[in-house]
Amino acid sequence: KKYENSLSLTRNTFKEGFNELFANFRTVDEEFFEELEETLIMSDVGVDLAMEITKELRQEAKLTKAKSADDLRQLIVEKIVDKFDEDKLPSILTMEDGLTVFLFVGVNGVGKTTTIGKLAARYKNQHKKVLLAAADTFRAGAIDQLVEWGRRSDVEVVTKAAGSDPASVVYDALQKAKAEHYDILMIDTAGRLQNKDNLMKELEKIGKVIRREIPDAPHETILALDATTGQNAIQQAKEFSTVTPITGIALTKLDGSAKGGIVLSIVQSLRIPVKLIGLGEKIDDLQDFDEEFFVRGLFK
Ligand code: GDP
């Protein structure tokens, strides 16, 4: 229920777009498909994908002899659900035994720290022992903010003074996590994409420190993206992919975005699964991403 309310902006754009499309509906002709393509682009599905979906629907409408608006609506929903199924989305990974390490990356302001805080509360509620590492030492504000989330979620945070080597914070956190048998370690990092070489070096060093302690870690590298930035988020994801391998995306601020099509666009153009979605600023405003539920919800 809550999930549905939070997505009302996104849903309204879809619904209004499609209502308009079908209000003008007379017959299954080229004009209809052109309008459909436009509607998809407006919802931020991405131009290439909008064209692909439209092209496939054109053929399917012919094959299935779809005539009515209802037939077409059904075909469209099925098609979009299919597009997600092509890349069946694995949910966020946690190890059965021992320590699971999550590395979080993303540019400032996208909601990275908030996502870590929300996730910390989730695992804490599952009675897991959770540790946070403030490896964004570039901004003092970032450290304070993570400490504040730690307080809210009642989990410990490993910090060092601003300006310290991020890898040394990670090292300390790993030592603590191992010695005190933590289940989850979440590492916050600086998102200075404007200085790609430095960022790459910093993340490489952090990665090395982690692997020296736990060879198969980090188990997840989660990129936080702000849904309200639309196609810019795609660009950020592309750039981050060149800096470090990404295993999943946390798409934040979907509650403030009228363009939920961005989810589809990300999955299709980047082939990186969206694993988490942020639906507000509060501690429990985080959900695992469920593609079928999401797509069907958009058309309700
Ligand atoms: P960071 O710099 O990437 O760590 O970003 P923050 O976690 O500090 O978040 C930046 C701003 O976005 C804060 O004001 C958050 O409250 C807000 N924010 C984060 N996630 C969400 C979300 O899912 N929905 C909304 N509406 N706001 C969010």
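What's the number of the only condition in (1) exposed (fewer than 14 other Cβ atoms within 10 Å of the Cβ); (2) within 16 Å of the ligand (Cβ to nearest atom); (3) under 25 Å from Ile246 (Cβ atoms) that Ala140 fails to meet?
Of (1) exposed (fewer than 14 other Cβ atoms within 10 Å of the Cβ); (2) within 16 Å of the ligand (Cβ to nearest atom); (3) under 25 Å from Ile246 (Cβ atoms), only one is false for Ala140: (3).
List the helices (runs of 4 or more DSSP H) that sit entirely inside region 173-274 and contain at least 2 residues that are buried (at least 21 other Cβ atoms within 10 Å of the Cβ) and away from the ligand (no atom under 16 Å from the Cβ). It would help to see each step written out before you state the result.
On the way: elements: 196-213, 231-243, 261-270.
Those helices (runs of 4 or more DSSP H) span 196-213, 261-270.
Considering only residues that are assigned to a loop (DSSP other than H, G, I, E, B) and either touching a residue at least 60 places away in the same chain (Cβ under 8 Å) or surrounded by 19 or more Cβ atoms within 10 Å (Cβ to Cβ) (or both), which ones fall in region 113-137?
Scanning region 113-137 gives Asp136, Thr137.
Working only within region 247-272, note down all residues that are within 24 Å of Asp188 (Cβ to Cβ) and more than 11 Å from the chain's Cα centre (by Cα).
Asp255, Gly256, Ser257, Leu270
Suppose we filter region 158-172 for residues that are among the charged types (D, E, K, R) and either in a helix (DSSP H, G or I) or touching an Asp or Glu at 6+ places or on another chain (Cβ under 8 Å) (or both); how many remain?
Count: 2.
Here are the criteria: (1) more than 16 Å from the ligand (Cβ to nearest atom); (2) in contact (Cβ under 8 Å) with a residue 40 or more places away in the chain. Tell me which single one Val158 does not satisfy.
Tallying (1) more than 16 Å from the ligand (Cβ to nearest atom); (2) in contact (Cβ under 8 Å) with a residue 40 or more places away in the chain, Val158 fails exactly one: (2).
Quick check, is Val110 more than 16 Å from the ligand (Cβ to nearest atom), at pLDDT 90 or above and buried (at least 24 other Cβ atoms within 10 Å of the Cβ)?
Judged against the criteria, Val110 is not a match.
The values are calculated or read from the model by the stated rules, or taken from the named source; none is laboratory data. Remember, predicted model here, so these are calculated numbers, not experimental data. Glycine gets a Cβ as well: all are built from the backbone with ideal geometry, and neighbour counts include every protein chain shown.
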